[in-house]
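The values are calculated or read from the model by the stated rules, or taken from the named source; none is laboratory data. Keep in mind it's a predicted model, so treat the numbers as computed, not measured. All Cβ positions, glycine included, derive from the backbone under ideal geometry; neighbour counts span all protein chains shown.
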Amino acid sequence: MPLMDGSLIPQFIGGGVAPVTGDGSPVGVVTPDQEGQVYVDTTADTAYIAVGTTNADWDEVGAGSTPQQNAGNPNGTVVPSFIGAICVDTTNNIAYINVDNTNTGWKAAAA
């Protein structure tokens, strides 16, 4: 399944907002268009996810992590590994992104 190997993930992340790329960390420099937007540091090959809408609201996404899975909406049941974690609802085929590292911080990714 392509979503699990990461090949389709960029088109789902950020509610339809295209990922931003740049050289270096976006923290303090790049203002996201919306919560959930992704930034890729092309120098360090590191991804960040916006957890708010100011240039300080970027959190680094865990490297080499595997998306979590749940049979249904993960809100209230799945504890994320980190901010930016991905959980796939295997019943409804919906990807969720965690924005606050709590089990209620899952946001459905845009298709």
Selection count where residues are in a strand (DSSP E or B) and crowded, with 17+ Cβ neighbours inside 10 Å, scope the stretch 42-69: 8
Does Asn92 fit the bill of being modelled with pLDDT of 85 or more and closer than 24 Å to Gly22 by Cα? no
Being at pLDDT 70 or above, surrounded by fewer than 17 Cβ atoms within 10 Å (Cβ to Cβ) and assigned to a loop (DSSP other than H, G, I, E, B) is the filter here; which residues of the stretch 1-29 pass it? Ala18, Pro19, Asp23, Gly24, Ser25, Val27, Gly28, Val29
